[in-house]
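The values are calculated or read from the model by the stated rules, or taken from the named source; none is laboratory data. All values derive from a computational prediction rather than experimental measurement. Because the Cβ atoms are built from the backbone with ideal geometry, glycine has one as well, and the counts that use them run over all protein chains shown.
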Amino acid sequence: MNELYEFLTGPALWAAFTIFIVGLIVRIVYLFALSKEKDRVLHNHASLKWACRSILQWLIPFGGMGFRSEPVFATASFVFHLCLLAVPLFLLAHNMLWDETFGVSLPALPDFLADLLTMLFMVSAMILLARRIIRADVRLLSTAWDYYFLVLTSTPFITGFFAYHQIGPYKLTLNLHIIFAEVLLATVPFTRLGHIALFFFSRAFIGCEMGRRRTRTW
């Protein structure tokens, strides 16, 4: 178990981060080239101000049409994505590992808050799963990947919670947590998990378009 842990927190971690970073860069460059080819005018009127404003508006969960039409689903989706990003980035144990491996760290969440966010994540994941099962229109459009996505994102949270609270065999749950987390990280650029990068990129250019139109109006 110790040898496996050393491998997972050493070469495997470096490999997962390399695949993640390089994959996202390739995907964003591809999207940039595709958008530039389709709309050359937009790039001549890019506005960082309006891009940031557009992203900020979409990050606020309670102002859009989605929340007004489906408040439970919209809230669950927002909480799901917020916790999916916040817990791995700001968890104290992760920051200690990153400081040891990469020499960098971020502000750390208090343990009780990390536990709360983990439980909120699991509740939101169950709501999203129930919606896919119960609603006929959503179930009809769901694929095996949609269910696998929820399992893939949930397993690092479950095993990490078990490992921290020493529920079950500690070394086994810890290694499983690292394995699932690294698989999740490495698959982000090549699956629908990369829609987060696509979201920021698309909102940035929508913001540029808004700025261009506002400029023309003025």
Query raised in the report: If you check every pair at least six apart or on different chains, which have Cβ atoms under 9 Å apart with a residue in segment 11-36 that is of a type in the set (S, T, N, Q) first and a residue that is at pLDDT 85 or above and buried (at least 16 other Cβ atoms within 10 Å of the Cβ) second?
Result: T18/A186
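In segment 74-96, which residues are of a type in the set (V, I, T) and either touching an Asp or Glu at 6+ places or on another chain (Cβ under 6 Å) or surrounded by fewer than 17 Cβ atoms within 10 Å (Cβ to Cβ) (or both)? Give the steps one after another, and end with the answer.
We begin by selecting, within segment 74-96, every residue of a type in the set (V, I, T); these are 75, 79, 87.
T75 - this is the single residue of segment 74-96 that is of a type in the set (V, I, T) and either touching an Asp or Glu at 6+ places or on another chain (Cβ under 6 Å) or surrounded by fewer than 17 Cβ atoms within 10 Å (Cβ to Cβ) (or both).
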Query raised in the report: Only one residue in L113, L85 is modelled with pLDDT of 85 or more and either touching a Ser or Thr at 6+ places or on another chain (Cβ under 9 Å) or over 19 Å from A181 (Cβ atoms) (or both). Which one?
Result: L113
**Report entry** Filter result (assigned to a loop (DSSP other than H, G, I, E, B) and hydroxyl-bearing (S, T, Y)) within segment 85-139
**Finding:** S105
Report task. Inspect segment 89-104 for any residue being farther than 30 Å from Y170 by Cα, modelled with pLDDT of 80 or more and not hydrophobic (A, V, I, L, M, F, W, C) and give the result as yes or no. Result -> no
Query raised in the report: Here is a list of conditions, (1) surrounded by 15 or more Cβ atoms within 10 Å (Cβ to Cβ); (2) at pLDDT 85 or above, and A136 meets all of them except one; can you say which number that is?
Result: (1)
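Across segment 97-131, what is the number of residues that are over 17 Å from F161 (Cα atoms) and either surrounded by 15 or more Cβ atoms within 10 Å (Cβ to Cβ) or aliphatic (A, V, I, L, M) (or both)?
Qualifying residue count, segment 97-131: 9.
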**Report entry** Hits in segment 158-186 (condition: crowded, with 18+ Cβ neighbours inside 10 Å and polar (S, T, N, Q))
**Finding:** T159, T173, N175
